[in-house]
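Remarks on the structure that follows.
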Amino acid sequence: MTNPKLVTALLIPLLVISMAGFAYSHWTDSVKKNYYMHVGCTEAEIKTYKLLSPWNDNLIDKWPSDDELEAMHGTTMITFSTYIGPGWYVWIGFIIQNQGVFPTRIDPPTYQVTDPNNIWNSFIHKEYYYGQIIDGTTYGWPRNDVPIGLYSDVKVLTIKQIEKGKSLPPNAVDPPPPGDIQPPVYLEPYTEIAGSTSKDSMIMWIFLQLDPAYLSEDPFSIEISIIVTAELAFP
């Protein structure tokens, strides 16, 4: 006859060992997940952006708005929608800042498109980067020192202005401004010590155009999202 006390005495160590193993496994899994989530998190965000199109950029619905973006203190994605036709194009300018405590590299952005007819295949897109090269030896600006000639002064004429024979103001710069570099762009971590700020900001310009040869009789609506792609840049 089996002794119940003996069985209990044998089972208790087995249960303790299995529970300890489960707890350790759960703890290490949790630590790994938290570690990877922490290390994989960057704080490089769009601080301001603008859209320039000859077809009147005021007709483009964009998110976030300027006020929303200011309240958000930055975002990694912008979305805009408008009506387009063959040859339509837009220039999109961004000021991106590393607001974190780790150095960051900015890679080419990703795009999301409402694309029922695979229209994205008929788009031309080109990115231009202005900032600090990954070796950290050239370019790069503190947030308040971003050159206005690479962002604020960049303008395009509307179709109506072109038809009236108007020209850009003397200080205006046609996109893309000169001096672009190849990605990835290196952003120092945000710091401010004794009045000296880090080179934590960059500019990106994107040219988007629907192929003029695209076959379409009537304008149609489209929505495009652009997402900043950033990674930690540890040595």
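The values are calculated or read from the model by the stated rules, or taken from the named source; none is laboratory data. All of these numbers come straight from a predicted model, not from anything done at the bench. Backbone-built Cβ (ideal geometry, glycine too); neighbour counts: all protein chains shown.
What the table shows:
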quantity	calculated
Selection status of Ile133, in contact with a helix residue (DSSP H, G or I) (Cβ under 9 Å, 6 or more places away or on another chain) and of a type in the set (A, V, I, L, M)	no
Segment 126-173, subset of a type in the set (Gly, Ala, Ser) and within 14 Å of Asp200 (Cα to Cα), residue modelled with the lowest pLDDT	Gly136
Selection count where residues are closer than 16 Å to Ile226 by Cα, in contact (Cβ under 8 Å) with a residue 40 or more places away in the chain and either surrounded by fewer than 17 Cβ atoms within 10 Å (Cβ to Cβ) or of a type in the set (Gly, Ala, Ser) (or both), scope segment 61-84	4
Residue check, Asn171 touching a residue at least 40 places away in the same chain (Cβ under 8 Å) and either surrounded by fewer than 16 Cβ atoms within 10 Å (Cβ to Cβ) or outside any loop (DSSP other than H, G, I, E, B) (or both)	no
Test: Gly93 is in contact with a strand residue (DSSP E or B) (Cβ under 7 Å, 6 or more places away or on another chain), on the phi > 0 side of the Ramachandran plot and not acidic (Asp, Glu)	no
Breaking point among (1) of a type outside the set (Phe, Trp, Tyr); (2) surrounded by 16 or more Cβ atoms within 10 Å (Cβ to Cβ); (3) assigned to a loop (DSSP other than H, G, I, E, B), for Ile206	(3)
